[in-house]
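Step one of this worksheet: look at the structure below.
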Amino acid sequence: MMWTQLLLTCVAVASMGVQSHDVNITLKFEEENSRLLHLGENWKYPAWSCDEIAETKADKESGWYWIQSCQSCKSQLTYCDFDRELMGRKHWIRALHLNISDPQQPCPSSSFRLVTQDGLRLCGRSNGPGCKSVFANTNDLPYQRVCGRATMFRYYSTDGFERYVHCPGCTIEDPYVDGLSITYGSSGNRKHAWSFAVLHDCTSASTVNYRTPPNFVGNNFFCGAATHHAHNGLYSHDPLFTDQWFCVQLPQPTTERLEMRLCSDQDVDNEDALFQLVELYVQ
């Protein structure tokens, strides 16, 4: 009798173990199913990347999603663009979007001033000479490709790379361009991605020094020339770089901060390069 009771007890315990195991499997399946169903929609169910969302959700739309780049990393809201194709690829992270023509969009910080003139809303440096900085929101996610665009306006006497011509010791850390500088890396160790040089002429022999970039820029730049007459210093009829996109592939993947700097070697009363739109995308 004792052995029979013992056997029945063992069978019951084993049966409970099997049931418990099945319950655990079911719970894990339901949890994973819920994660995939709500992938990236809240912090409880972050995606590993915009690519994972694109591959998992058939009804995906460009917008803000929670992304967690590694198991021990904190999930962060990240804008995934599933529609735009750059470098023959989709599923980009929109790291920076500044559309100052939108009345609800302020300049990014107190380092910049809002300029409203001739029906335009633009941002320029608050003071100078020097550079004013904005960091893109890459959320410490690794990236190797950078694309972007800008719409800018010339203000008074900006002259491209002319500063660098007369400053042989200047580096990427200095205001080497009148315009935008797109770099990655920390201060003192910046690496160049792209430059937008703003001046009055991009073609004539007389301005060759103004449009000749430093070696660290190479061919990675746009030259934008304002040719119409200025109104109170602003060349409002000459939007520059409109619909010009740049794309670069970095030597290796990085999680370093992506930075936009608005630069000029003179005070804002003498010259400035004003931006209306800046967008940066990484992958």
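The table that follows gives values for the structure above.
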| quantity | calculated |
| --- | --- |
| Contour excess over end-to-end distance, with Cα ends at TYR156 and VAL248 and 0.36 nm allotted per residue | 30.1 nm |
| Within straight-line cross-link reach of LYS74, aspartates and glutamates at Cα separation under 20 Å, skipping those fewer than 8 residues along the same chain | GLU31, GLU32, GLU41, ASP51, GLU52, ASP140, GLU256 |
| Solvent exposure ordering (accessible area, 1.4 Å, most first) of CYS147, CYS131 | CYS131, CYS147 |
| Cα-only radius of gyration and Dmax that characterise the stretch 230-279, units Å | 15.2, 45 |
| Derived scalar couplings ³J(HN,Hα) [the stretch 142-147; Karplus, 6.51 cos²θ - 1.76 cosθ + 1.60; whole Hz; x for Gly, Pro] | x, 8, 9, 10, 10, 10 |
| Percent carbon-and-sulfur accessible area, the stretch 36-169, ignoring ligands, DNA and RNA, probe 1.4 Å | 46 percent |
| Contact order relative to length of the stretch 40-87, as percent, for alpha carbon pairs under 8 angstrom and 6 or more apart | 36 percent |
| Angle between the chain longest axis and helix 2-37 axis [Cα atoms, degrees, rounded to 10] | 20 degrees |
| The chain - percent relative contact order, Cα under 8 Å, separation 6 or more | 23 percent |
| Zero-based 5 Å bins, Cα pair distances in the stretch 148-283, whole percents | 2, 11, 22, 23, 21, 13, 6, 2, 0, 0 |
| Debye, to nearest 20: dipole size of the stretch 94-189, +1 on Lys, Arg Cβ, -1 on Asp, Glu Cβ | 240 debye |
| Rg and Dmax of the stretch 92-156, Cα atoms only, in Å | 13.7, 41 |
| Matching label, Cα Rg over 2.2 N^0.38 Å computed from the structure shown, candidates (i) 1.02; (ii) 1.26; (iii) 1.42 | (iii) |
| Within a Gaussian network of the chain (alpha carbon springs, distance under 10 Å), most fluctuating of ALA226, ALA197, ALA273 | ALA226 |
| Exposure ranking of PHE216, PHE221 by accessible area [1.4 Å probe, largest first] | PHE216, PHE221 |
| Label point distance in nm, THR212-ASN127, each placed 7 Å from Cα along Cα→Cβ | 3.5 nm |
| Candidate lysines for bridging to LYS60, where Cα separation is under 20 Å - those fewer than 8 sequence places away on the same chain excluded | LYS44, LYS90 |
| GNM top mover of VAL268, VAL198, VAL208 - the chain, alpha-carbon springs below 10 Å | VAL208 |
| Check: the chain dipole with +1 on Lys, Arg Cβ and -1 on Asp, Glu Cβ, in debye | 380 debye |
| Alpha carbon centroid spacing (whole Å) that separates the stretch 213-283 from the stretch 146-192 | 8 Å |
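The values are calculated or read from the model by the stated rules, or taken from the named source; none is laboratory data. Here the structure is a predicted model, which means the values were calculated and not measured. For neighbour counting, all protein chains shown are included, and Cβ atoms are generated from backbone atoms with ideal geometry for every residue, glycine included. For the accessible areas, the whole protein counts, side chains as well, though only heavy atoms, and no ligand, DNA or RNA atoms are used. Shrake-Rupley method; radii C 1.70, N 1.55, O 1.52, S 1.80 Å.
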